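Engineer: Sharing a structure with you now.
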Amino acid sequence: MKRIEALQAIVDATPDLPVVATCAATSRELASIEDRENNLYLLDAMGLAISVGTGLAQAIKDTNVSRAVVIEGDGSLLMNPGAAITAGYLAPENLVVVLLDNGVYASTASIPTQAVTIDLGRFAESVDLKVLRANNTEELAVALKQTLTEDGPWFIHARTEPGNEPGTKLLLIDPVVHGDRFRRWLTPRLSA
C-alpha cells in the first residue's frame, strides 16, 4: 500500500475526529487529499506527533470528542521512542496511533530507518499499546473501525511502500494560523 492510499483510508474514517499528523511528506500528502480543519499538521516538529496526540487524548477525555488520532512515521517514531513509552504508560483509552512504516526517511532521500530490521509493532506491544497490523488498505480500514469503537490505547502498524506521492505541493501555511484554525475547530466540540 502506498502512503497516500493509507492516508485516504484515515481521512475516510476520521471526518469528525482530531487528527495529528507528523511533519513533511505525510502532512503534505494528507493536506493534498483534503485540507480539513480537524487536521493538525506538525510542521518541522519531527518526533512529536505521538506526544501531541497523547496530550490531546488526555485533554478531550470526558468530552464529546471520542478519539484523538495520530499519524506517525517510522523515522519520526525512531527519533523520539519515548513518546510511545509515555503513551503506553499514561494509557489514554481514546488514543489511536497509526504508524505508517515505509522503512525509510521518505522526506530525505529515502535513507533506510532502523525499522527495516526492528519490528515497531513489537516495540509498541512492549510499552503496553494495543497493536493491530495492516498491510493493505482493506486491513487498515478494518483496524481503524475497531480502534474507533473499542478502548485503547491503540497502535496500528501499517506497512507502506517507500516513496512520496509525485506532484504533491508544499504545505506553506503559517503554523500559528494553522494551530488557531485547529483550536477553533476543536473547542466547540468539547461540550454539548
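Each value in this text was obtained by applying a stated rule to the coordinates, not by laboratory testing. As the structure is a computational prediction, the values presented were derived from the model and not from experiment. As a convention, Cβ positions derive from the backbone with ideal geometry for all residues, glycine included, and neighbour counts pool all protein chains shown.
Engineer: Quick one: what are the phi-derived ³J(HN,Hα) couplings along segment 140-147, Karplus 6.51/-1.76/1.60 with θ = phi - 60°, whole Hz, x for glycine and proline?
Structural biologist: 5, 4, 5, 4, 4, 4, 5, 5
Engineer: Specify whether the C-alpha gyration tensor of segment 50-192 places it in the rounded, prolate or oblate class, a ≥ b ≥ c being the square roots of the eigenvalues: rounded for a/c under 1.5, otherwise prolate if a/b is larger than b/c and oblate if not. Numbers along the way, then the final one.
Structural biologist: Values: a/c = 1.72, a/b = 1.20, b/c = 1.43.
Oblate, because a/c is 1.5 or more while a/b does not exceed b/c.
Engineer: Give me Ile111, Ile71 ranked fewest to most by other Cβ atoms within 10 Å of their Cβ, as a rough exposure proxy. Spell out each step's value before the answer.
Structural biologist: Numbers: Ile111 10, Ile71 30.
Going from sparsest to densest Cβ surroundings: Ile111, Ile71.
Engineer: Would you compute, from DSSP H runs of 4+ residues alone, the mean residue ellipticity of the chain at 222 nm, taking -39500 (n - 2.57) per run and dividing by the full residue count, rounded to the nearest 500? Display every interim value, and only then the final one.
Structural biologist: Working: 8 runs with 77 residues, N = 192.
My calculation for the chain gives -11500 deg cm²/dmol from helical runs alone.
Engineer: To continue, here is another question. Run the dipole for the chain about the Cα centre, Lys and Arg Cβ at +1, Asp and Glu Cβ at -1, nothing else charged, and hand back the magnitude in debye, nearest 20.
Structural biologist: Numbers: 16 positive and 24 negative charges, 49 e Å.
Dipole size: approximately 240 debye.
Engineer: Here's something else I'd like to know. Would you calculate the volume per residue, in Å³, of the smallest convex hull containing every Cα atom of segment 29-112? Provide the component values of the computation, followed by the final result.
Structural biologist: Working: hull volume 8.3 nm³, N = 84.
So the per-residue Cα hull volume is 98 Å³.
Engineer: Moving on. Which trypsin sites (Lys or Arg not before Pro) from segment 114-192 combine a DSSP loop assignment with at most 14 other Cβ atoms within 10 Å? Walk me through the numbers before you get to the answer.
Structural biologist: Numbers: sites: Arg122, Lys130, Arg133, Lys145, Arg159, Lys169, Arg181, Arg183, Arg184, Arg189; in loops: Lys169.
Answer by residue number: Lys169.
Engineer: Follow-up. If each residue of separation counts as 0.36 nm, what is the full-extension length gain between Val177 and Asn64 once their alpha-carbon separation is subtracted?
Structural biologist: Numbers: separation 113, 0.36 × 113 = 40.68 nm, distance 2.46 nm.
Result for the pair: 38.2 nm of gain on full extension.
Engineer: Now a separate question. Just in segment 1-93: which trypsin sites (Lys or Arg not before Pro) are loop by DSSP and have at most 14 other Cβ atoms within 10 Å?
Structural biologist: Values: sites: Lys2, Arg3, Arg28, Arg36, Lys61, Arg67; in loops: Lys2, Arg36, Lys61, Arg67.
Hits after loop and neighbour filter: Lys61.
Engineer: Also, quick follow-up: Which of the aspartates and glutamates could a cross-linker span from Lys2 if the Cα-Cα distance has to be under 15 Å and same-chain partners fewer than 8 positions apart are dropped?
Structural biologist: The qualifying aspartates and glutamates are Glu29, Glu72, Asp74, Asp101, Glu138, Glu139, Glu161, Glu165.
Engineer: When the Cα centres of segment 140-192 and segment 108-131 are compared, how far apart do they sit, in Å?
Structural biologist: The two parts, judged by their Cα centres, are 19 Å apart.
Engineer: Please arrange Leu90, Leu148, Leu140 by how many other C-beta atoms lie within 10 Å of their C-beta, fewest to most. Before the final figure, lay out each step's value.
Structural biologist: Values: Leu90 14, Leu148 17, Leu140 28.
Listing Leu90, Leu148, Leu140 from fewest to most nearby Cβ atoms yields Leu90, Leu148, Leu140.
Engineer: Separate question: Within 10 Å, at most 16 other Cβ atoms, and a DSSP state outside H, G, I, E, B define an exposed site. Report the longest part of the chain free of exposed GluC sites (Glu not before Pro). Before the final figure, lay out each step's value.
Structural biologist: Details: sites that count: Glu34, Glu37, Glu93, Glu150.
Longest run free of exposed loop sites: 94-149.
Engineer: Continuing with this model, one more query. 5 Å is the cut-off here: which amide hydrogens, built 1.01 Å from N in the peptide plane, fall below it relative to Val20, excluding neighbours closer than 5 in sequence?
Structural biologist: Correct list: Leu40, Val69, Val70, Ile71.
Engineer: What's the exposure ranking of Leu190, Leu99, going from fewest to most Cβ atoms within 10 Å? Kindly include the intermediate steps, with their values, before the conclusion.
Structural biologist: Details: Leu190 12, Leu99 30.
Lowest count first: Leu190, Leu99.
Engineer: Roughly speaking, what is the stretch gain from Val116 to Arg184, that is 0.36 nm per residue apart minus the C-alpha to C-alpha distance, in nm to one decimal? Don't skip to the answer; put the middle values down first.
Structural biologist: Working: separation 68, 0.36 × 68 = 24.48 nm, distance 3.95 nm.
Stretched out fully, the Val116 to Arg184 stretch lengthens by 20.5 nm.
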